[in-house]
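These notes are about the structure you will find just below.
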Amino acid sequence: MSDAVIELDSVVKRYQSGEEVIEALKGVDFSADLGEMVTIIGPSGSGKSTMLNMIGLLDTPTEGVVRHDGRDVSQFSGDELTEERRSSIGFVFQDFHLLPMLTATENVELPSMWDTSVDRRDRAVDLLERVGLGDRLDHTPKQLSGGQQQRVAIARALINEPDVVLADEPTGNLDQDTGETILEELTRLKEDENVAIVAVTHDDQMLEYTDRTVEIVDGVIQ
Ligand SMILES: Nc1ncnc2c1ncn2[C@@H]1O[C@H](COP(=O)(O)OP(=O)(O)O)[C@@H](O)[C@H]1O
Ligand SMILES: [Mg+2]
């Protein structure tokens, strides 16, 4: 048995695009452990986002197996997949994906709205304090800088205490210095929360922070 919190085993993903079939992943094996940051690099169109979508249960493989904590998720019902995604995965995107009319605290609370326990707001505030935004709780996204917005997004990704945080180009819209503080934040949270972080990047700066790098070219891990 492996300790991997997530695993892709011989995953093939084909997209039908009109008459054409695009094989975006050609038998990909991948895994990540708790407390580890793995960075996926590769040219545009090589299959990086498709890999994250498989790991994050946003889409299903054409062939092969996706495992969370050793469990084959292809056996899960739609409801079980939604629940697994909600409880185990946090997402961070290049363009932050915050809701403009909600405050920082409300944005962080949002993925936990289904949860009836009373301490959602406390946890949101705690997470915002931990990413250095304790004095920005009631600010809306447009009252925050890009780096601050990404820190809100990181706090939001952690609200449901996930095992895995998936980050697609998390520093892509940030300047070098801000990108660096975000990477420091992710590294610190990885250790504090003992999550696996799987990040996709073009940013060489990120490779200084990662524990392991995986390269994909044309749907094949190198
Ligand atoms: N929904 C889709 N339908 C058809 N083709 C897609 C779809 N999503 C991705 N692709 C194709 O799959 C390949 C891999 O895409 P992607 O995973 O987005 O690459 P990357 O993130 O590395 O730039 C590309 O050729 C892309 O055009
Ligand atoms: Mg992509």
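FYI, it's all coordinate maths here, none of it is from the lab. Since the structure is predicted, the reported quantities are computational estimates derived from the model, not experimental observations. Methodologically, a virtual Cβ is constructed for each residue, glycine included, from the backbone with ideal geometry; neighbour enumeration extends over all protein chains shown.
By the rule of a C-alpha distance below 24 Å, with chain neighbours fewer than 8 residues away ignored, the lysines paired with residue 13 are 26, 48.
Using bins of 5 Å that start at zero, the share of Cα-Cα pairs per bin across region 182-222 amounts to 5, 19, 30, 22, 13, 8, 3, 0, in whole %. On the principal axes of its alpha-carbon atoms, the chain has extents of 50, 39, 39 Å, going from largest to smallest. Available extension along the chain between residue 211 and residue 34 is 62.5 nm, counting 0.36 nm per residue and deducting the alpha carbon span. Of 18, 62, 159, which is farthest towards the positive pole of the chain's charge dipole, taken about the Cα centre with +1 and -1 on the beta-carbons of Lys, Arg and Asp, Glu respectively? Most positive-ward Cα: 18.
Please report Rg over Rh for region 30-123, where both radii come from the alpha carbon positions and Rh follows the Kirkwood definition. Walk me through the intermediate numbers first.
Numbers: Rg = 15.6 Å, Rh = 15.7 Å.
Ratio of gyration radius to Kirkwood radius: 0.99.
The charge dipole of the chain, taken about the Cα centre with unit charges on the Cβ atoms of Lys, Arg (+1) and Asp, Glu (-1), comes to about 440 debye, rounded to the nearest 20.
In percent, how large is the relative contact order of the chain, given Cα pairs closer than 8 Å and 6 or more residues apart? It would help to have the intermediate numbers written out before the result.
Values: 437 pairs, mean separation 68.0, N = 222.
Over the chain, the number comes to 31 percent.
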